[in-house]
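J.: Take this structure, written in C-alpha cells, and hold onto it; I'll ask about it next.
The values are calculated or read from the model by the stated rules, or taken from the named source; none is laboratory data. None of the values given here were measured: they were computed from a predicted structure. Cβ placement follows ideal geometry from the backbone for every residue including glycine, while neighbour counts extend to all protein chains displayed.
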Amino acid sequence: MQNLNCNQVTALLTFFIENKLNPKLMQNVEYHLNLCPACREKYFNLRKMLNNFQEIKNKIIEPDETEDVSYKEKQYKLFRENLSAYVDNELNDEENLRIRKISIANSNARQDLENMLSFRELLKESFSKTADELKEDLSVSAIGRLYNISAEKRKFEGLKYIPLILCIVFIMIYSLMKFFL
C-alpha cells in the first residue's frame, strides 16, 4: 500500500467522496484518513459542505410538485420587473439572490437573462466601435458652428449639451430594450 501525504489526499478528497477513484487509490486515501486527524476533519467538512450544497441545489432546481402555477408566474413577473436592475447591479444582496434563484429555476427567466446580457454586450460593442471610428466629437463642432463660437470656447460651450445628448441616447436604449423584451 502506497502512503499518501496530506497534500495528495487533500487534492483527491472530492474524487474520493464521489467514488471516482480506482479501488487501490480509494484504499490509500481511506487508510490515510484513518491515520491523519487533520485530513479526516477536512474530509468531514468537505462532505458536509457538498451535502449542504446538494440540498440547496435540489431546492432551487427541483420545485415542489405541489407548487402552484400562479406562484411560478408571480416569480417570473418579479424576475421580469427586476431584470434590468439585476443586470446593472442595482439590487441589494437579498434581491440579487432572489433573481439569481429564479433564473436558475425558470428556463424562461434564464433565456431572458441571456438575451439581455447579449443585447447589452452588442450595445457596448456598437458604442465602442462608433467611438473608435470617430476621430472628432462632431456634436461639439456642430454646436460651435451654429453659434459661431471660437475654438477655445467651443470645448466648454459644447459640454452643456452633453446631458441632453446623453438623455436622448438613454431614451433610445430604453426604447430598444422594451422592444426586445
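J.: Please specify each residue of region 11-42 satisfying the condition of being modelled with pLDDT under 90 and β-branched (V, I, T).
T.: T14, I17, listed by residue number.
J.: Can you confirm whether N45 is modelled with pLDDT of 85 or more and surrounded by fewer than 14 Cβ atoms within 10 Å (Cβ to Cβ)? Even if it seems obvious, please write down each step before you answer.
T.: On the way: modelled with pLDDT of 85 or more: yes; surrounded by fewer than 14 Cβ atoms within 10 Å (Cβ to Cβ): yes.
When the stated conditions are applied, N45 passes them.
J.: Is it fair to say N52 is outside the structural domain of I173 (by TED's automatic domain parsing), exposed (fewer than 11 other Cβ atoms within 10 Å of the Cβ), at pLDDT 85 or above and more than 30 Å from K124 (Cβ to Cβ)?
T.: Criteria not met by N52.
J.: Could you check region 1-28 and list, in sequence order, the residues that are over 19 Å from N45 (Cβ atoms) and in a helix (DSSP H, G or I)?
T.: P23, K24, L25, M26, Q27, N28
J.: Sort out which residues of region 82-111 are of a type outside the set (S, T, N, Q) and loosely packed, with under 11 Cβ neighbours inside 10 Å, and write them in order of number.
T.: Across region 82-111, the qualifying residues are D88, D93, E94.
Yes/no per residue for (1) out of contact with any strand residue (DSSP E or B) (no Cβ under 6 Å at 6 or more places or on another chain); (2) at pLDDT 80 or above; (3) polar (S, T, N, Q); (4) not in a helix (DSSP H, G or I):
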residue: Y76; (1), (2), (3), (4): yes, yes, no, no
residue: E90; (1), (2), (3), (4): yes, yes, no, yes
residue: R110; (1), (2), (3), (4): yes, yes, no, no
residue: I149; (1), (2), (3), (4): yes, no, no, yes
residue: C167; (1), (2), (3), (4): yes, no, no, no
